[in-house]
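Here is the structure we will look at, set down as structure tokens.
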Amino acid sequence: MPATRKKAANVAISHAKVARLEARVTVEQKQFLERAADLQGRSLTEFVVRSAQEAARTAISEHELMSLTARDTKAFVNALLKPSAPGKRLQRAAARYKAMMEVE
């Protein structure tokens, strides 16, 4: 097999759908999902997988996005611009760390 054809075959294999995902649903849930899939002209599998991907993308995006109120934003910026001095416990911990790591 020529190198370019071999490479194309490897790419096709790497995108092959080999993992399985199964779920138990009620008859009513399955009928409901089938109706939605039919309305969008998709198979049930395609509808469920795409819907799950969209829900996962949204959940991850919402988790990674930090929303702050105006008050929270002000407190955060003040903490960055005017950090408080380290307390005695933090100073002792830093000294222990430096001693353990032999850091000057």
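Points to keep in mind about this one:
- Rounded to the nearest 0.05, the FRET efficiency derived from the C-beta distance between SER67 and ALA93 at R0 = 30 Å is 0.40.
- Per-residue extension of 0.36 nm, minus the Cα-Cα distance of ILE60 and SER84, leaves a gain of 5.3 nm for this segment.
- Inter-label distance for LYS74 and HIS15, nm, one decimal - labels placed 7 Å from Cα along Cα-to-Cβ: 5.2 nm
- Linear extension gain, ALA23 paired with GLU46, 0.36 nm per residue minus alpha-carbon span: 6.8 nm
None of the figures in this text is laboratory data; all of them are computed from the coordinates on show. None of the values given here were measured: they were computed from a predicted structure. Because the Cβ atoms are built from the backbone with ideal geometry, glycine has one as well, and the counts that use them run over all protein chains shown.
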